[in-house]
Amino acid sequence: MTNLVIVGVGGQRVITLGNLIARCALEAGLTVRGHAQSSLAVLGGSVTYHLRLGPSYSPFVPHGQADVILALELAETLRAVPYIKDGGLALVSEDKKAPMNLILSHAHYPTPEEVAQIYRHLGARFILLPKENQKTQKGRALPEAWRLLGVMSAVTSFWSRKKIEETIAAYRPREASLNLAAFRRGYQLAQEIEAKAAASSPIEKAASAGK
């Protein structure tokens, strides 16, 4: 049984990413249960996707049982804190698109260091993906969801890189070139992060990536 929780805000392809991961699992012969929750997603509200890969009675990941947290927005990572298990993995984008409830409440926007400290206190591994401005030759930005998936592919052993790339290409053929470019960049970035994991930085981060 593998439990994942994906969080972000409307427009970040949280549900699309969850569906793609579910498809990979189904093609691998696993039982999949999932549930997407959104709050005014089209207006920048919070979006959460629970995924359970393997036999389970409920699509909801219990508190303290998430093997992996995928966070497409930094502040949204805090909503997933109750789900992470001791020894779990949090893959977090440095992208800042504050959810509507945070904007309206004028609440403090967390720093990467604050978020990392919370997860590490709970015994989880925390990997922060640095913000990048890489674009394709046609000037299109690389989708953050697929970049995050590339990192997950590199640091976990769920499925082979080749299998995920095949699924990405078949899932949305018109966007395959762009999505694969983002996935491969994420995979490369993860290798850079892993190579620097022994460094003394408080957050695992390829600070020089993309420079």
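The values are calculated or read from the model by the stated rules, or taken from the named source; none is laboratory data. Quick caveat, the model's predicted, so the values are computed rather than measured. Please note: Cβ atoms are built from the backbone with ideal geometry, for glycine as well, and neighbour counts cover all protein chains shown.
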Point to revise | Breaking point among (1) surrounded by 14 or more Cβ atoms within 10 Å (Cβ to Cβ); (2) not in a helix (DSSP H, G or I); (3) not small (Gly, Ala, Ser), for HIS108 | key: (1)
Revision key, fill the gap. Per the list (1) basic (Lys, Arg); (2) surrounded by fewer than 16 Cβ atoms within 10 Å (Cβ to Cβ); (3) modelled with pLDDT of 90 or more, residue check on LYS96 breaks on (3)
Point to revise | Flag if GLY11 is under 15 Å from the mean Cα position of the chain (by Cα) and at positive phi | key: yes
Review point. List the pairs whose first member sits in region 59-81 and is over 19 Å from VAL32 (Cα atoms), whose second member is among the aliphatic types (A, V, I, L, M) and part of a loop (DSSP other than H, G, I, E, B), and whose Cβ atoms are under 6 Å apart, counting only residues at least 6 apart or on separate chains?
Key: ALA75/ALA98
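Would you pick out the residues in region 51-76 that are charged (D, E, K, R) and more than 27 Å from HIS108 (Cα to Cα)?
ARG52, ASP67
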Review point. Does LEU51 meet the test of being in a helix (DSSP H, G or I) and crowded, with 20+ Cβ neighbours inside 10 Å?
Key: no
Practice item. Could you please give the count of residues in region 176-210 that are outside any loop (DSSP other than H, G, I, E, B) and at pLDDT below 90? Key: 6
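Residue by residue, here is whether (1) exposed (fewer than 14 other Cβ atoms within 10 Å of the Cβ); (2) within 17 Å of LEU91 (Cβ to Cβ); (3) modelled with pLDDT of 95 or more; (4) aromatic (Phe, Trp, Tyr) holds:
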position: VAL7; (1), (2), (3), (4): no, yes, yes, no
position: ARG13; (1), (2), (3), (4): no, yes, no, no
position: CYS24; (1), (2), (3), (4): no, yes, no, no
position: LEU30; (1), (2), (3), (4): no, no, no, no
position: SER39; (1), (2), (3), (4): no, no, no, no
position: TYR57; (1), (2), (3), (4): yes, no, no, yes
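Does TYR83 fit the bill of being closer than 23 Å to HIS108 by Cβ and among the aromatic types (Phe, Trp, Tyr)?
Working: closer than 23 Å to HIS108 by Cβ: yes; among the aromatic types (Phe, Trp, Tyr): yes.
Yes.
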